[in-house]
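Participant: The structure is given below, and queries will be raised subsequently.
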Amino acid sequence: MSDPQRRADAIIQGDRRMLAQALTTVERGGADARALVRCLPALPEGRVVGITGAPGAGKSTLTTALAQAFRARGMTVAIIAVDPSSPLTGGSLLGDRIRMYDLAGDSGVFIRSMANRGRFGGIAAATADATALMAAAGFAVILIETVGAGQSDVAVADVADTILLVEAPGMGDEVQSIKAGLLEVADVIAVSKCDRADAAATLQQLRALVQMQHPSDDAWPVAVCGVSALQQTGIEELTDALLAHRSYLAMHPHTARALHRRRVHLQRAIEIQLFEAVGRTSAWQSAHRILTTDSSANIDSLAQQILAEWRRSVD
Ligand SMILES: Nc1nc2c(ncn2[C@@H]2O[C@H](COP(=O)(O)OP(=O)(O)O)[C@@H](O)[C@H]2O)c(=O)[nH]1
Ligand SMILES: [Mg+2]
């Protein structure tokens, strides 16, 4: 268990039990997680789809439908359901599991929910590591479903290659995702529940909004698809759009988004490694004691002392 290279090799060879254990390791974070992730091979970008949108938009239902569509095309699928709120039960995840029940028993599908177990870098760091594990395990598509609670959704944009925004119809004049700042990061937009009568207006509204937005330096035309997971309509078109974005990325590997993602990745790696190194200093331990007893402690000078000790230790 302790040999990270052996664990990584087993995961690459398709050992699902080892993969499940490794996911727990990266969720927890720490030196074991870092050692393991370092043994994973660098893999081509493009297979990670982040699925975002307000709670109740229909993300879990659509994730299940998409997973089935990718499976029908012979592609294996990993699903990561992100729940930053609950480290224990994850209220929303129970419903998600029921919704994803249809996928049970298919060995080409692997579902995992991630909770924030308080590791440094939070859920975004854990999700990034989990994604790297799923990719190493050879899954052709990795779907990350967020809870649609703002912060974590934007963080998913740093992990995913393709952002799928799910918008439910009938939200009134204001499209929910505009408020959340999600429209700008979307590569593909799905208007869900198109079996409902009010979906046509939302579709029209979103198409107009997308057209108004100026294209960024990468000229990917954001696709807006109407889908009904309930009636299984539009799923094939949506799957086509996601795969088209993947092809687009393969032909344009250095878009602003791709560079941003790589930079954020590097920054996160530095933060995590630095924090773990600094956490081993005795100044860190004593700073923790001070924080519990002295409410007026100068945080900035505590940080300075900790970094000074760490620097001495590496000289
Ligand atoms: N009418 C209709 N309802 C749907 C559809 N997809 C999902 N729903 C319903 O919308 C609700 C929220 O779905 P869920 O997938 O859990 O949304 P999430 O919170 O974004 O993951 C559930 O009650 C679903 O049954 C659809 O295509 N049509
Ligand atoms: Mg959900």
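The values are calculated or read from the model by the stated rules, or taken from the named source; none is laboratory data. A quick note: this is a predicted structure, and the numbers were derived from the prediction, not measured. With ideal geometry, Cβ positions are generated from the backbone for all residues, glycine too; neighbour counts draw on all protein chains shown.
Participant: Take the residues in segment 241-256 that are surrounded by 16 or more Cβ atoms within 10 Å (Cβ to Cβ) and in contact (Cβ under 8 Å) with a residue 40 or more places away in the chain, then tell me which one is nearest to LEU164 (Cα to Cα).
Facilitator: LEU242
Participant: Quick one: count up the residues across segment 35-64 that are surrounded by fewer than 18 Cβ atoms within 10 Å (Cβ to Cβ), touching a residue at least 40 places away in the same chain (Cβ under 8 Å) and part of a helix (DSSP H, G or I).
Facilitator: Qualifying residue count, segment 35-64: 0.
Participant: Pick out, from segment 111-194, the helices (runs of 4 or more DSSP H) lying fully within it that include 1 or more residues that are modelled with pLDDT under 90, at positive phi and away from ligand 1 (no atom under 13 Å from the Cβ).
Facilitator: Because the criterion is at least 1 residues that are modelled with pLDDT under 90, at positive phi and away from ligand 1 (no atom under 13 Å from the Cβ), the helices (runs of 4 or more DSSP H) in segment 111-194 that meet it are 122-136.
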